[in-house]
Amino acid sequence: MSNALRIADLFKHHADHLGTKVTVQGWVRTRRDSKAGISFVAITDGSCFDTVQAVVPNTVANYESEVLKLTAGCSVEITGTAVASQGKGQSVEIQAESIKVYGFVDDPDTYPISPKQHSFEYLREVAHLRARTNTFGAIARVRHCLAMAVHRFFHEQGYLWVHTPIITGSDCEGAGQMFRVSTLDFLNMPKTPEGKIDYAQDFFGRETNLTVSGQLNVETWCMALSKVYTFGPTFRAENSNTSRHLAEFWMIEPEIAFADLHVDAKLAEDLLKFMFKALLAERMDDMKFFAERIDKGCIERLEKFVSADFAKLDYTDAIAALEDAVKKGVKFEYPVKWGIDMQSEHERWLTETYIGRPVAVMNYPKDIKAFYMRQNDDGKTVAAMDILAPGIGEIVGGSQREERLELLDKRLDEMGLHKADYWWYRDLRRYGTVPHAGFGLGFERAIIYATGMANIRDVIPFARAPKSASF
RNA sequence: UCCCCUGUAGCUCAAUUGGUAGAGCGGGCGGCUGUUAACCGCCAGGUUACUGGUUCAAGUCCAGUCGGGGGAGCCA
């Protein structure tokens with residue numbers, strides 16, 4: 001059915017199209033009439049930021065009956081000649097010869113996406129239609145661009161994309177509250193003799209949940225394939241009501257064999273730079289919009305990001321800097337002391353004020369970090385790193401993994417975890433163990449950083465958050 | 001989960017000390033114009049989230065319910 005030309009292609013190769021007949025399909029953004037006997041209809045098909053202007057003369061057959069009734073949101077197909085524009089706003093336009101209306105807007109008076117400014121709060125309530133706005137179209141293209149860049153980066157570096165499971169039988173990931181997956185009847189739960197829920201009768205014959213991280217699974221494949229990564233949805237049942245958290249989000253988790261924390265941090269830096277370079281190269285149209293309407297400095301910020309070396313800071317030095325700041329009069333709500341898990345205010349000061357750009361903080365106290373992180377020789381810290389970004393806080397969290405079984409077991413014991421639950425994870429340390437490292441990058445947080453969007457619910461098509469799963 | 005803010009036309013917002021509900025945009029009609037967030041005129045559009053209370057009088061004050069937002073915690 002569609003021999004239509006993508007509007008993006010019309011603009012990209014406009015010299016080739018000038019004077020030729022083209023057909024475009026899309027949705028009306030605006031219509032302006034001129035009593036000179038023509039109407040200007042701006043069409044978008046989502047392929048690029050700009051609309052294409054169709055100049056529709058009153059000689060087309062359905063001018064009175066249909067063209068003059070077009071409002072924002074109507075779907076149309078326009079055929080005509082691509083010509084250099086006589087007007088100022090665009091280089092190419094379509095001198096329309098025919099226009100077919102696929103669907104009118106039932107009640108233009110109450111069409112939710114009228115051509116005016118809407119608040120993001122309102123648009124979340126019409127999430128099924130918000131992709132039709134400038135902003136959400138731009139976000140969709142940016143999101144796609146960044147996702148493709150992730151895959152391209154890893155592919156070019158020899159990493160294999162490993163599809164880790166979304167339903168997980170492991171209840172030991174320890175990364176947060178989980179969503180239970182079950183086919184049991186809520187109203188009639190089978191019970192064990194002890195009165196507990198009898199998961200043996202459940203679909204999988206055991207308790208299962210939605211994954212909170214692919215890390216433990218991907219480590220297993222790393223221990224055979226050397227360089228691997230996951231990129232998929234992740235679920236946290238935390239009751240987090242913030243502009244930086246989702247119950248369902250996408251995470252990128254590479255895992256590198258024969259690598260230490262420095263290799264890990266370098267990989268994170270290279271990945272982020274690659275992603276943002278791709279964005280600047282491929283989606284400048286959308287980025288210009290974000291710079292104009294959402295966040296003035298976003299382009300400059302990315303340009304700096306891709307050209308500067310990452311700042312790196314040892315946790316111990318970060319604490320020293322914070323303590324020094326306190327001495328000089330900076331006020332924090334929470335006290336600063338070696339051993340603390342840094343609060344948002346501390347992280348923000350480090351990245352926004354002290355360093356002024358993203359910073360990798362490394363070698364955290366072992367007591368505030370997960371069991372699988374590799375213990376440093378000082379006996380106090382582990383080889384963990386967080387990358388902090390202005391306006392967001394933690395964007396990457398990673399570590400070198402503990403590859404020595406006896407030390408891993410010691411940590412499991414210290415944290416009161418059951419070795420038996422981790423039998424397959426421990427096996428990796430028994431059969432040809434190697435030093436390895438990896439990290440998790442929150443995909444939506446990268447999009448927030450790149451675009452300057454304020455709320456994470458606006459950079460994913462259909463946000464899932466506490467008390468919120470419409471659409 | 002905690003703290004704070006908020007709910008008025010399809011949307012974005014006004015409404016003084018408690019005193020008869022307003023504008024812009026969007027929509028309809030008309031005018032003007034190779035227009036560009038066009039412009040000019042007219043018209044339509046409201047149970048002020050809901051329930052109850054105080055008062056001669058409530059959009060405004062009080063209580064509860066529901067919704068939305070911001071911040072904190074947790075994290076990516």
Quiz item: Of the residues A:Lys227, A:Lys196, which single one is of a type in the set (Lys, Arg) and modelled with pLDDT of 95 or more?
Solution: A:Lys227
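Filter segment A:1-48 down to the residues that are among the polar types (S, T, N, Q) and either surrounded by fewer than 19 Cβ atoms within 10 Å (Cβ to Cβ) or touching a Lys or Arg at 6+ places or on another chain (Cβ under 8 Å) (or both) and list them by number.
Taking segment A:1-48 and keeping what is among the polar types (S, T, N, Q), we get A:2-3, A:20, A:23, A:25, A:30, A:34, A:39, A:44, A:47.
Across segment A:1-48, the qualifying residues are A:Ser2, A:Asn3, A:Thr20, A:Thr23, A:Thr30, A:Ser34, A:Ser39, A:Thr44, A:Ser47.
Hey, could you check segment A:311-344 for residues that are of a type in the set (Gly, Ala, Ser) and within 28 Å of the chain's Cα centre (by Cα) and say which is nearest to RNA strand B (Cβ to nearest atom)?
Here the answer is A:Ser344.
Those residues that are buried (at least 23 other Cβ atoms within 10 Å of the Cβ) and of a type outside the set (Ser, Thr, Tyr), I need them from segment A:396-414; list them, please. Give the derivation first.
Initial filter on segment A:396-414 (buried (at least 23 other Cβ atoms within 10 Å of the Cβ)): A:396, A:398-402, A:408.
Answer for segment A:396-414, where residues must be buried (at least 23 other Cβ atoms within 10 Å of the Cβ) and of a type outside the set (Ser, Thr, Tyr): A:Val396, A:Gly398, A:Gln400, A:Arg401, A:Glu402, A:Leu408.
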Practice problem: Go through A:Phe371, A:Phe305 for me and flag whichever is surrounded by 17 or more Cβ atoms within 10 Å (Cβ to Cβ), part of a helix (DSSP H, G or I) and of a type outside the set (Ser, Thr, Tyr). | Solution: A:Phe305
Quiz item: What residue, of A:Val330, A:Val326, A:Val306, is modelled with pLDDT under 95 and closer than 20 Å to A:Phe439 by Cα?
Solution: A:Val306
Quiz item: For segment A:226-272, which residues satisfy the criterion of being in contact with a Gly (Cβ under 6 Å, 6 or more places away or on another chain) and more than 9 Å from RNA strand B (Cβ to nearest atom)?
Solution: A:Lys227, A:Thr230, A:Pro254, A:Glu255, A:Asp264
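When you check A:Arg206 against the structure, is it of a type outside the set (Phe, Trp, Tyr), part of a loop (DSSP other than H, G, I, E, B) and without any contact (Cβ under 8 Å) to a residue 40 or more places away in the chain, yes or no? Let's see the steps before the verdict.
Values: of a type outside the set (Phe, Trp, Tyr): yes; part of a loop (DSSP other than H, G, I, E, B): yes; without any contact (Cβ under 8 Å) to a residue 40 or more places away in the chain: yes.
Judged against the criteria, A:Arg206 is a match.
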Quiz item: Under the condition of being surrounded by 15 or more Cβ atoms within 10 Å (Cβ to Cβ) and within 9 Å of RNA strand B (Cβ to nearest atom), which residue from segment A:345-368 is farthest from A:Asp309 (Cα to Cα)?
Solution: A:Glu345
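The values are calculated or read from the model by the stated rules, or taken from the named source; none is laboratory data. Being a predicted model, the structure only gives us computed values, none of them experimental. Methodologically, a virtual Cβ is constructed for each residue, glycine included, from the backbone with ideal geometry; neighbour enumeration extends over all protein chains shown.
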